[in-house]
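Participant: After the structure tokens below, expect a handful of questions from me.
The values are calculated or read from the model by the stated rules, or taken from the named source; none is laboratory data. Computed from a predicted structure; not experimentally measured. For neighbour counting, all protein chains shown are included, and Cβ atoms are generated from backbone atoms with ideal geometry for every residue, glycine included.
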Amino acid sequence: MRDLHQRKQRFVEQMAIAISAACCGIALYMALFPAFYYMQWFAVGALAVTTVLSSLGCYFLLLMYWGRRKSEAAQPVQFHGLRFMLSMLAVAVLLVVFKVPLHASFMLAQPGFENALAENQDDLSQVGVRSYDYGLYQVKSATRDCHHKDRIYFRFRDDSESAIIYSESGLDDLCYNSGNKGHLSGNWYWMKED
């Protein structure tokens, strides 16, 4: 009988861990793209709230289960997975805050961006027509927007307000609305407009 109770407790704990792991996985996948970092505080907050609520829900399920069983009421309710869930949350939040997923996805796509730039420097309209390996990114077009002629925007197919930018003069300002931007590597930057 005691074995059955322990198996039920383990099942509830594993479900809470699975929910938290799924939330962390979704957040880390979304963090591979520049658009995520425009409202990253919202996504990180949702991730934290989901993890905390799933761990509290698991704890209360176990408390209710043990509270109903008079013979087992003397046993303290323990949630062994809480430390693991909190450490998983902490790791996911740190990865997102330091933009590790974005930098990793760009490292995979950088050779494709550099090939497209080298082959189409004079005619950027070919970037959207020819096929290059941009890793996870799907590039719709490349343009020289704004008043910076050395700045080339590789706009994404699904989100034209997000881009990977090649700029030899840096990226002090965005052309349109203020959004979020940052440095990736060398003369490469990312941005998400408002």
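Participant: Of the residues that make up the stretch 116-130, is at least one within 22 Å of the chain's Cα centre (by Cα), closer than 20 Å to Leu171 by Cα and not in a strand (DSSP E or B)?
Facilitator: no
Participant: Considering the stretch 18-43 alone, what residues qualify as being within 15 Å of Gly135 (Cβ to Cβ) and assigned to a helix (DSSP H, G or I)?
Facilitator: Hits for the stretch 18-43 are Tyr29, Pro34.
Participant: Still on this structure: How many residues are surrounded by fewer than 18 Cβ atoms within 10 Å (Cβ to Cβ) and either under 13 Å from Val139 (Cα atoms) or modelled with pLDDT under 85 (or both) when one looks only at the stretch 172-194?
Facilitator: Going through the stretch 172-194 one residue at a time, the tally reaches 8.
Participant: Out of (1) at pLDDT 80 or above; (2) not assigned by TED's automatic domain parsing to the domain that holds Ser167, the odd one out for Phe42 is which?
Facilitator: Tallying (1) at pLDDT 80 or above; (2) not assigned by TED's automatic domain parsing to the domain that holds Ser167, Phe42 fails exactly one: (1).
Participant: If you don't mind, there's one more thing I want to ask. Select from the stretch 92-135 the residues that are exposed (fewer than 15 other Cβ atoms within 10 Å of the Cβ) and more than 20 Å from Gly186 (Cα to Cα) and list them in ascending order.
Facilitator: Result: Leu94, Val97, Asp122, Asp123, Ser125, Gln126, Val129, Arg130, Ser131.
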